[in-house]
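K.L.:
This is the structure, below, for whatever I ask next.
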Amino acid sequence: MSPAPATPIACAAMRDAPDIESGVRARMFALSQPHFISVAGLNRPEAERLLDLADAFVGLSRAREKKLSLLRGRTLVNMFFESSTRTQSSFEIAAKRLGADTVNMSPRTSSVTKGETLIDTAVTLNAMKPDLLVVRHAASGAAALLSQKVGCSVINAGDGWHEHPTQALLDALTIRRAFGTVSGLTIAICGDVLHSRVARSNVGLLQLMGARVRLVGPPTLMPSGADQWGAEVFHDMRAGVAGVDVVMMLRLQLERMDGAFVPSTREYFRFFGLDAEKLALAAPHVRVMHPGPMNRGVEIESGVADNLDISLIQQQVEMGVAARMAVLATLAARLDDGDRPNV
Amino acid sequence: MSERPTAYLNARLVDPASGYDGPGALIVAEGVIAEVAHSYHIANLSPDIEMIDCGGQALMPGLIDLRVKTGEPGAEPKETLKSASRAAAVGGVTSIVVQPDTDPAVDEPAVLDFILRRARDIELVHVHAAGAATRGLKGVHMAEIGLMAEAGALYFTDVDQPLADSKVFRRVLSYAKAFDRPVAHRPADPYLSLGAVATEGELAGRLGLPSVPAIAERIALERDLALAELTGARLIVDQITTAEALDSLARSRARGTHVTATASINHLSFNEVDIGDYRTFYRVDPPLRAEDDRQALIEAVASGLVGVITSAHTPAPPEDKRLPFSEAAPGAAGLETLLPALLSLYHEGRCDLIDLIRTVTLAPAELLGLAAGRLVRGAPADLILCDLEAPVVIDAAKLISKSKNSPFDGRRLQGRVVLTVVDGRVVYRSGV
């Protein structure tokens, strides 16, 4: 009946936790906007502060004791009209590590198919008084629409082709940790830009943080007017990746293709897939990213994706949790200040 | 019919038929205009005549709106013939032409007859109907154009369904010509515009909305104009919106084709930037265009290249509009806002009043062979009295239409209908 001796690992965790917690508290702030819908709502100091806070959460996630009480008593609802296991899990883990209660909904299978509007669903949900609402929807502008009708903070987890701002935040965090800074880097975003909310959010955030952004893809997958986003547009991938610090590949959204945007996947890989040969044209210290899930052999070669010396893809997933924790915590801090939207 | 003759005195008469805009008075008897005077008063009026002092306000022909959708039959919660008629009366629109894309579609005389009979019982404004060009608006088999023409169809159209098959469209044009009826078609390349909800450009790209290049309108219009030339038929270009298409139209007119183009008040009032917050009330078909296109359209109205303006009244209830932008139903309610929105082109000095009023009165009347739309002796007494300067703030919630999807909600406009008269009967009198 003697107490079990403490293991060395547990001792380390007990020692680390207060340091991490004080580090988090020192970096906490309240987000200036009630919702996190678009990177357009951020300014540069705020973006840097979010990354600073996320850095602290990375430490927390690596510790034995991963849980804080910043969101204790708060309820987060994951409302994914489009299924996405990884993003939904990432938000759920982030919320749980901050002490929130989480509920997952997949409205595709519930009343939305029965003629209820998106707003009806939101209003119903709103009556249950959640604090944070994470939304993914196939239509651009869906998160913004919801945010106008609910009294909780809405986090956009991807709306159509429009934005996926937490993905951009985690990408910026990954880049900043790999290079020490985002400012001054040249980053090529390659592939299906037209259908990519990841690209749109990243163009906005990475430019805000001082990076030079290139967009690379066939003309059929490049939005009209992309050249007016402040990025340089390339239709030749070899020229597009020449000398860049980061190559960020996009998923070729096969499920969204309602027409033939490219002749075949093999032709796509030949001209726009990332292989060792094209990558050799980038800067010697180049790092490769992908928001996942990857179509191996379509937009990226396995040899590149799995090369841990150059691939940041695993880190991106880890940073996803930390970046989302930063967003949830700063939105909740705003709620703690009594600043609820639409009340 | 009005029991007693009525004299409208002390008015500013605005009559596109005679080109007269000045002091005037007129007498209405037996539902028609009995006398028109170009002076504020008429001497020797008989004592049993009812006199209305117009207080110097504008007395004009009632508006004729040739593109009005209701939900009857088939979608009555959106709008009925009665609610649309009431909205029209409030908006100073004394004749409406309802569209055939109902459920069932107006592609045979029985459905047309149903609508016209229902409308007759309402006794508010004149309700006319357009017939479908093809059966079920499917673009494959011709609808019963001759029988519907006989039953009163004023023109033929598949409304928002593009007639993709040029052979079918050619036959519709030449067949309708034999019955002296025009055919309306909205030019939009069906392949380029499939699934699009916005006009291609930097904004639509940034918002992540499926978009159609503006040139898709010209591509389709060029074919339509060529077929109009080939058949000699009367073509109504439904809702022209782009500068490129206007150039094509001007070239075609120079070659002597019988083409009339319409513009919707939405495309004269708004541009693509209005969709910036994903506001679904600005989701219309064709999608709102660039500001350059809007300016070109206004110039085309001023020059007369575009002859007819419509409200493109398309009621959509909340369940069709409270959705993400790309999933929301297209269209805007417009009957009650047409006149003040139109008058803003006059107040901004873009068009003369009489030219502007022509596009919603005489021009559609001549196009469709209606006797209304003019202040001449013997014409139907379809009149409106309008305070041209009165400031109004549009409140969508207060619209009479069953659906409140007005993109003008909250806009400050000028111009209020004081009185609406149909066949000499007052069908609306402003409460103020």
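K.L.:
So, in the range B:195-226, exactly how many residues are farther than 22 Å from B:LEU66 by Cα and either touching a His at 6+ places or on another chain (Cβ under 9 Å) or within 14 Å of chain A (Cβ to nearest Cβ) (or both)?
P.N.:
22
K.L.:
Any chance the range B:191-202 includes a residue that's of a type in the set (Ser, Thr, Tyr), more than 23 Å from the chain's Cα centre (by Cα), within 23 Å of B:ALA329 (Cα to Cα) and not in a strand (DSSP E or B)?
P.N.:
Checked the range B:191-202: at least one residue is of a type in the set (Ser, Thr, Tyr), more than 23 Å from the chain's Cα centre (by Cα), within 23 Å of B:ALA329 (Cα to Cα) and not in a strand (DSSP E or B).
K.L.:
Shifting gears a bit: Within the range A:141-177, can you find the residues that are within 10 Å of another protein chain (Cβ to nearest Cβ), among the small types (Gly, Ala, Ser) and in contact with a Lys or Arg (Cβ under 8 Å, 6 or more places away or on another chain)?
P.N.:
Of everything in the range A:141-177, just one residue is within 10 Å of another protein chain (Cβ to nearest Cβ), among the small types (Gly, Ala, Ser) and in contact with a Lys or Arg (Cβ under 8 Å, 6 or more places away or on another chain), namely A:GLY160.
K.L.:
Out of A:LEU215, A:LEU170, A:LEU145, I need the residue that is touching a helix residue (DSSP H, G or I) at 6+ places or on another chain (Cβ under 8 Å), within 20 Å of A:MET325 (Cβ to Cβ) and either among the small types (Gly, Ala, Ser) or crowded, with 24+ Cβ neighbours inside 10 Å (or both). Which one?
P.N.:
A:LEU170
K.L.:
Taking the range A:214-265 only, how many residues are under 26 Å from A:HIS137 (Cα atoms) and among the acidic types (Asp, Glu)?
P.N.:
2
K.L.:
In the range A:221-271, how many residues are under 24 Å from A:ILE310 (Cβ atoms) and either buried (at least 18 other Cβ atoms within 10 Å of the Cβ) or within 12 Å of chain B (Cβ to nearest Cβ) (or both)?
P.N.:
Residues in the range A:221-271 being under 24 Å from A:ILE310 (Cβ atoms) and either buried (at least 18 other Cβ atoms within 10 Å of the Cβ) or within 12 Å of chain B (Cβ to nearest Cβ) (or both): 16 in total.
K.L.:
Still on this structure: For A:ALA329, are the conditions met, namely being over 17 Å from the mean Cα position of the chain (by Cα) and surrounded by 20 or more Cβ atoms within 10 Å (Cβ to Cβ)?
P.N.:
It is false that A:ALA329 is over 17 Å from the mean Cα position of the chain (by Cα) and surrounded by 20 or more Cβ atoms within 10 Å (Cβ to Cβ).
K.L.:
Hey, among B:GLU79, B:GLU30, B:GLU50, B:GLU35, which residue is under 26 Å from B:ILE265 (Cβ atoms) and of a type outside the set (Gly, Ala, Ser)?
P.N.:
Residue meeting the stated conditions: B:GLU79.
K.L.:
Checking B:PRO315 against (1) in contact with a Phe, Trp or Tyr (Cβ under 8 Å, 6 or more places away or on another chain); (2) outside any helix (DSSP H, G or I): exactly one of these is not met. Which one?
P.N.:
(1)
K.L.:
Sticking with this structure for a sec: For the range B:377-415, what are the residues that are of a type in the set (Gly, Ala, Ser) and either closer than 18 Å to B:PRO317 by Cβ or assigned to a strand (DSSP E or B) (or both)?
P.N.:
B:ALA390, B:ALA396, B:ALA397, B:SER401, B:SER403, B:SER406, B:GLY415
K.L.:
Continuing with the same structure: If you go through the range B:163-175 one residue at a time, do you hit one that is farther than 16 Å from B:ARG135 by Cβ, in a helix (DSSP H, G or I), within 14 Å of chain A (Cβ to nearest Cβ) and touching a helix residue (DSSP H, G or I) at 6+ places or on another chain (Cβ under 8 Å)?
P.N.:
No: zero hits.
K.L.:
Would you confirm whether any residue within the range B:182-194 is buried (at least 24 other Cβ atoms within 10 Å of the Cβ), within 14 Å of another protein chain (Cβ to nearest Cβ) and either at pLDDT below 95 or touching a strand residue (DSSP E or B) at 6+ places or on another chain (Cβ under 8 Å) (or both)?
P.N.:
no
K.L.:
I've got another one for you. Sort out which residues of the range B:248-280 are closer than 16 Å to B:ALA188 by Cα and either without any contact (Cβ under 8 Å) to a residue 24 or more places away in the chain or of a type in the set (Val, Ile, Thr) (or both), and write them in order of number.
P.N.:
If the condition is that a residue be closer than 16 Å to B:ALA188 by Cα and either without any contact (Cβ under 8 Å) to a residue 24 or more places away in the chain or of a type in the set (Val, Ile, Thr) (or both), then B:THR262 is the only one that fits.
K.L.:
Among the residues of the range B:87-146, what is the count of those that are small (Gly, Ala, Ser) and under 24 Å from B:ALA372 (Cβ atoms)?
P.N.:
10
K.L.:
Ok, one more. Has the range B:3-16 got at least one residue that is under 22 Å from B:TYR155 (Cβ atoms), surrounded by 20 or more Cβ atoms within 10 Å (Cβ to Cβ) and at pLDDT 95 or above?
P.N.:
Within the range B:3-16, one or more residues are under 22 Å from B:TYR155 (Cβ atoms), surrounded by 20 or more Cβ atoms within 10 Å (Cβ to Cβ) and at pLDDT 95 or above.
K.L.:
While we're on this one: Given the conditions (1) within 14 Å of chain A (Cβ to nearest Cβ); (2) crowded, with 18+ Cβ neighbours inside 10 Å; (3) in contact (Cβ under 8 Å) with a residue 12 or more places away in the chain, which single one is not true for B:GLU327?
P.N.:
B:GLU327 satisfies all of (1) within 14 Å of chain A (Cβ to nearest Cβ); (2) crowded, with 18+ Cβ neighbours inside 10 Å; (3) in contact (Cβ under 8 Å) with a residue 12 or more places away in the chain except (3).
K.L.:
Moving on to the next point. Residues that are within 14 Å of another protein chain (Cβ to nearest Cβ), assigned to a strand (DSSP E or B) and at pLDDT 95 or above: does the range B:142-157 have at least one?
P.N.:
No - not one qualifying residue is present in the range B:142-157.
K.L.:
Something else now. For B:SER344, state whether it is within 14 Å of another protein chain (Cβ to nearest Cβ) and either of a type in the set (Asp, Glu) or in a helix (DSSP H, G or I) (or both).
P.N.:
no
K.L.:
Determine whether B:VAL172 is closer than 22 Å to B:ALA245 by Cβ, more than 21 Å from the chain's Cα centre (by Cα) and crowded, with 20+ Cβ neighbours inside 10 Å.
P.N.:
Against the criterion (closer than 22 Å to B:ALA245 by Cβ, more than 21 Å from the chain's Cα centre (by Cα) and crowded, with 20+ Cβ neighbours inside 10 Å), B:VAL172 qualifies.
K.L.:
Follow-up question, since we're still on this one. Is it the case that some residue within the range A:183-193 is surrounded by fewer than 24 Cβ atoms within 10 Å (Cβ to Cβ) and within 21 Å of B:VAL197 (Cα to Cα)?
P.N.:
no
K.L.:
Please go through the range A:116-151 and pick out each residue that is in contact with a strand residue (DSSP E or B) (Cβ under 7 Å, 6 or more places away or on another chain), among the aliphatic types (A, V, I, L, M) and in contact (Cβ under 8 Å) with a residue 60 or more places away in the chain.
P.N.:
If the condition is that a residue be in contact with a strand residue (DSSP E or B) (Cβ under 7 Å, 6 or more places away or on another chain), among the aliphatic types (A, V, I, L, M) and in contact (Cβ under 8 Å) with a residue 60 or more places away in the chain, then A:LEU132, A:ALA142, A:ALA143, A:VAL150 are the ones that fit.
K.L.:
Which one is farthest from the other protein chains (Cβ to nearest Cβ) among residues in the range A:128-140 that are among the hydrophobic types (A, V, I, L, M, F, W, C) and in a loop (DSSP other than H, G, I, E, B)?
P.N.:
A:MET128
The values are calculated or read from the model by the stated rules, or taken from the named source; none is laboratory data. The structure displayed is predicted, hence computed values, not measured ones. When we count neighbours, we look across all protein chains shown, and the Cβ atoms used for this are built from the backbone with ideal geometry, even at glycine.
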